[in-house]
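**Student:** Here's a structure for you.
We did not get these values from a lab; they are worked out from the coordinates using the rules stated. Just so it is clear, the structure is predicted and the values come from calculations on it, not from any experiment. Here the Cβ positions follow ideal geometry from the backbone for every residue, glycine too, while neighbour counts run over all protein chains shown.
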Amino acid sequence: MKTTVTDFFKAKEKGEKLTVLTAYDYSIAKLMDESSIDSILVGDSLGMVCLGYENTLSVTMEDMIHHSKAVVRGAKNTMVVVDMPFMSYQVSTESAVVNAGRIIKETGATAVKLEGGAEMVDTIKAIVRAQIPVMGHLGLTPQSVNVMGGFKVQGKTEEAAKKLIEDAKKLEEAGVFSIVLECVPAKLAELISKEISVPTIGIGSGNGCDGQVLVYHDMLDMFSGFKPKFVKTFANIGEQIKEGFEKYVEEVKSGSFPAEEHTFKINDEVLEKLY
Ligand code: KIV
């Protein structure tokens, strides 16, 4: 049975941790679908891990829709949430609803995610009114990288911590079904998780959150760029891929690949006529 947004609330009620991973294509989504991941996020982190940008700001609606369609095709039994890219929801409430609608209609995903606190309340309410579930995102919000002055831990001062708690409550009131808390000090993330009824999904925010999300390239060590402190390597796939590539080069150069079992046969009678 496909996970739904109501399962998120049930999990929080029962104290069961939610598991979310990012995916950006069909094959990985299918592997996740065959595992027991609760939900897949097509994050705009695709700009960095798939498209090679320095941040997420250049990601377009077309990029998100293109990748999300592939993910949804692979995730038959897993709820897919899609990030709304930078400038697809900040300009006006109306264009935010139109873009959220495009994502759902064109990809078949279940929900959208957008970044921001109190300033996003009207937008979130309008999208939810259009019957589209919304996941919020607080703390380190990568689309604000230029305002934040880099990818930094958020909520460390009393004022910033109080603002994060307020923002979380406002998002809850606006009707989000969950909130990603990114790079929020663990004790503060735990407090926020206790203060609101919607599940919090942490990334770099400790285990007091109601669930966790990671970028799959990070947890499989497939991204040779910067590795954040909060990332744990669950499998060293990056090394295995490189080893595979080197073996391939070696065998092609030495002539040992392709071997006979990798080739197709032609009838000798046909072959004779060619000489
Ligand atoms: O874009 C993304 O992958 C995200 C997660 C890191 C939460 O927003």
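**Student:** What spacing in nm lies between the two simple spin-label points modelled at LYS156 and GLN90, each 7 Å away from Cα in the Cβ direction?
**Tutor:** Here the modelled spin labels are 2.3 nm apart.
**Student:** Taking 8 Å as the Cα distance limit and 6 or more residues as the minimum spacing, I'd like the relative contact order of the chain as a percentage.
**Tutor:** Values: 500 pairs, mean separation 41.7, N = 275.
Reported as a whole number, the value is 15 percent.
**Student:** Taking Cα atoms, how many degrees apart are the long axis of helix 186-195 and the longest axis of the chain, rounded to 10 and kept between 0 and 90?
**Tutor:** 60
**Student:** For the stretch 1-94, what are the per-bin percents of Cα-Cα distances with bins 5 Å wide, up to the bin holding the maximum?
**Tutor:** That works out to 3, 14, 22, 20, 17, 14, 8, 2, in percent per bin.
**Student:** Once every Cα of the stretch 138-275 carries one equal point scatterer and solvent is ignored, give the base-10 log of I(q)/I(0) from the Debye formula at q = 0.11, 0.12 Å⁻¹, two decimals.
**Tutor:** The calculated log intensity ratios at q = 0.11, 0.12 Å⁻¹ are -0.57, -0.62.
**Student:** If you find the alpha carbon centre of the stretch 201-234 and of the stretch 25-68, how far apart are they in angstrom?
**Tutor:** A separation of 15 Å, based on Cα centres.
**Student:** Mean projection of the alpha-carbon convex hull of the chain over all orientations, in nm²?
**Tutor:** Values: hull surface 76.1 nm².
Computing the convex hull of the Cα atoms and averaging its projections yields 19.0 nm².
**Student:** Continuing with the same structure: In nm, to one decimal, how far is the THR6 label point from the SER35 one, both placed 7 Å along Cα→Cβ?
**Tutor:** Reported label-point gap for THR6 and SER35 is 2.8 nm.
**Student:** In degrees, nearest 10, range 0 to 90: what is the angle between the Cα axis of helix 237-254 and the longest Cα principal axis of the chain?
**Tutor:** 20
**Student:** Would you mind ranking HIS262, HIS217 by Cβ crowding within 10 Å, fewest neighbours first? Could the numbers behind the result be given before it?
**Tutor:** Working: HIS262 7, HIS217 22.
Fewest-to-most Cβ neighbours within 10 Å comes out as HIS262, HIS217.
**Student:** A follow-up question, please. Using 0.36 nm times the number of residues separating GLU119 and SER58, minus their current alpha carbon distance, what extension gain do you get? Walk me through the numbers before you get to the answer.
**Tutor:** Numbers: separation 61, 0.36 × 61 = 21.96 nm, distance 2.20 nm.
Difference between extended and current length: 19.8 nm.
**Student:** Have a look at PRO142, GLN90, ILE132 and report the one farthest towards the positive end of the charge dipole of the stretch 1-154, computed about the Cα centre with Cβ charges (Lys/Arg +1, Asp/Glu -1).
**Tutor:** Of PRO142, GLN90, ILE132, it is ILE132.
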